[in-house]
Amino acid sequence: MHLLIVTHTSDRSERAIYGRLATRGHQVDVLCAADAPGLDALRAAGVAVQPIHIRHRLDLTAALAVRRAVRQRAPDVVYAPRNDSLAVTLLGVRGPRPAIVGYRGTIGHISRLDPACWMTYLHPRVARIVCVSEAVRAYLLGFHLPPGRLVTVHKGHDPAWYDALQKPTRASLGLPPDAFLLGFTGRVRPVKGGEVLLQALARVPRELNVHLVMVGDIVDPGVRRLAQGATLRDRVHALGFRQDAAAIAAAFDAFAMPSLEREGLPRAAIEAMCQRVPPIVTRVGGMPELVADGVCGLVVPPRDVDALAMAIMALARDRDYARALGTAARRRIETDFHIDVTTDRMEQLFNGVA
């Protein structure tokens, strides 16, 4: 199989998939930004890399570059895992071949009244859409897309990636050494449920010594107001945006993702689970697919302050239970959500449309 990827950047999981497919004997070419991360590793795996600059969805120059690449390389499949790269691919590729495959990692922001959506996910030329979770697939089915066009492939990770990280100490982060650290990683927007998390923390007795660590920009004014209030000021540690957010997660005793809606499959939760940190998540989007309640973490209803507070207290009061859930969380990634499982599924998908 000859696979052409059109993108402007790739995360670690995506690069791992491309490299593994190349080592399995497939011809893999990548069109991406010249300064995209991890290009040397892709080349070392046998992936041919060519620069492309995609400015926006209607970038005709980029579309022509894709057209030239398709004519020169004659791939069986073009995979465009970004909104803009899918749009320029559909603009540039003509005829029934090659097959075009897109990717959807979030719920929401699609409308039949939006012309941009007809340039991407609703375009009839798209042979398959990779859905990061069953929740995303169910959302897209609501737009009457053919069920066979939508394929769920959980984006996997390799726990070994996180074992090798240089992990900061609590002291270097200014965190209390003996506290039960509950972590949150990500951009704190209203949809992430930060206010619910802080309200739940306020109901946790002080004698449990639970502190919340927030890693990421806080753009929710309600969260800033609650975090600076007298009740929580000394128990909330806002570290801001950090490049080493995944490494910081290793310092947590538990991880919270109290999203209110629209979660596909949060990478931050997976990164914590890889490091044996038990997750507390809401029953939103793809998170119940990732976290089996009471087995490798805890699942609570969204917007339920009491349920979230009870989950936090359950882990803080029984640290052996928390550690057991953390061990099971890592095992969950090592088995069902490992990058090798993802690569197998993607290989099957690409071979099917090729």
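Quick notes on this one:
- Residue count for region 147-167 satisfying the condition of being farther than 22 Å from Thr106 by Cβ, modelled with pLDDT of 95 or more and in contact with a helix residue (DSSP H, G or I) (Cβ under 8 Å, 6 or more places away or on another chain): 4.
- Looking across region 327-337, the residues that are in contact (Cβ under 8 Å) with a residue 60 or more places away in the chain and crowded, with 19+ Cβ neighbours inside 10 Å come down to Arg330, Ile333, Phe337.
- Taking region 171-193 as the range and being of a type in the set (A, V, I, L, M, F, W, C), within 21 Å of Asn209 (Cβ to Cβ) and surrounded by fewer than 18 Cβ atoms within 10 Å (Cβ to Cβ) as the test, the residues that pass are Ala171, Leu173.
- The residues of region 215-237 that are closer than 19 Å to Pro177 by Cβ and either of a type in the set (Phe, Trp, Tyr) or in contact (Cβ under 8 Å) with a residue 24 or more places away in the chain (or both), listed by number, are Val215, Arg235, Val236, His237.
- Residue that is nearest to Leu265 (Cα to Cα), among those in region 307-339 that are in a helix (DSSP H, G or I) and of a type in the set (Asp, Glu): Glu334
- Those residues of region 15-37 which are buried (at least 20 other Cβ atoms within 10 Å of the Cβ) and within 18 Å of Thr89 (Cα to Cα), in sequence order: Val28, Asp29, Val30, Leu31, Cys32
- Hits in region 38-52 (condition: loosely packed, with under 14 Cβ neighbours inside 10 Å and more than 23 Å from Asp76 (Cβ to Cβ)): Asp40, Ala44
- Residue in region 151-162 that is nearest to Ala249 (Cα to Cα), counting only those that are in contact (Cβ under 8 Å) with a residue 40 or more places away in the chain and not hydrophobic (A, V, I, L, M, F, W, C): Tyr162
- Selection within region 137-175 - assigned to a loop (DSSP other than H, G, I, E, B) and closer than 20 Å to Arg267 by Cβ: Val153, His154, Lys155, Gly156, Asp158, Ala164, Leu165, Gln166, Lys167, Pro168
- Taking first residues from region 95-115 that are in contact (Cβ under 8 Å) with a residue 24 or more places away in the chain and partners that are in a loop (DSSP other than H, G, I, E, B) and small (Gly, Ala, Ser), the Cβ contacts under 7 Å between residues at least 6 apart in sequence or on separate chains come to Ala99/Ala354; Gly105/Gly264; Thr106/Gly264; Ile107/Gly264; Ile107/Gly285.
- Of residues in region 85-106 being out of contact with any Leu (no Cβ under 9 Å at 6 or more places or on another chain) and assigned to a loop (DSSP other than H, G, I, E, B), the one surrounded by the most Cβ atoms within 10 Å (Cβ to Cβ): Val93
- Assessment of region 194-212 against the conditions (in contact with a Lys or Arg (Cβ under 7 Å, 6 or more places away or on another chain) and without any contact (Cβ under 8 Å) to a residue 60 or more places away in the chain) yields at least one matching residue.
A quick yes/no check of all residues on (1) assigned by TED's automatic domain parsing to the domain that holds Gly174; (2) closer than 17 Å to Phe184 by Cβ; (3) modelled with pLDDT of 95 or more:
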position: Gly222; (1), (2), (3): yes, yes, no
position: Phe252; (1), (2), (3): yes, yes, yes
position: Arg276; (1), (2), (3): yes, no, yes
position: Val291; (1), (2), (3): yes, yes, yes
position: Val295; (1), (2), (3): yes, no, yes
position: Ile312; (1), (2), (3): yes, yes, yes
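- Against the conditions (1) outside any helix (DSSP H, G or I); (2) over 27 Å from Phe241 (Cα atoms), Thr342 satisfies every one except (1).
- Taking region 203-220 as the range and being surrounded by fewer than 15 Cβ atoms within 10 Å (Cβ to Cβ) and either at pLDDT below 95 or not basic (Lys, Arg) (or both) as the test, the residues that pass are Pro205, Glu207, Leu208, Asn209, Asp217, Val219.
The values are calculated or read from the model by the stated rules, or taken from the named source; none is laboratory data. Please read all numbers here as calculations on a predicted model, not as lab measurements. Counting neighbours? That spans all protein chains shown, and the Cβs are built from the backbone with ideal geometry, glycine included.
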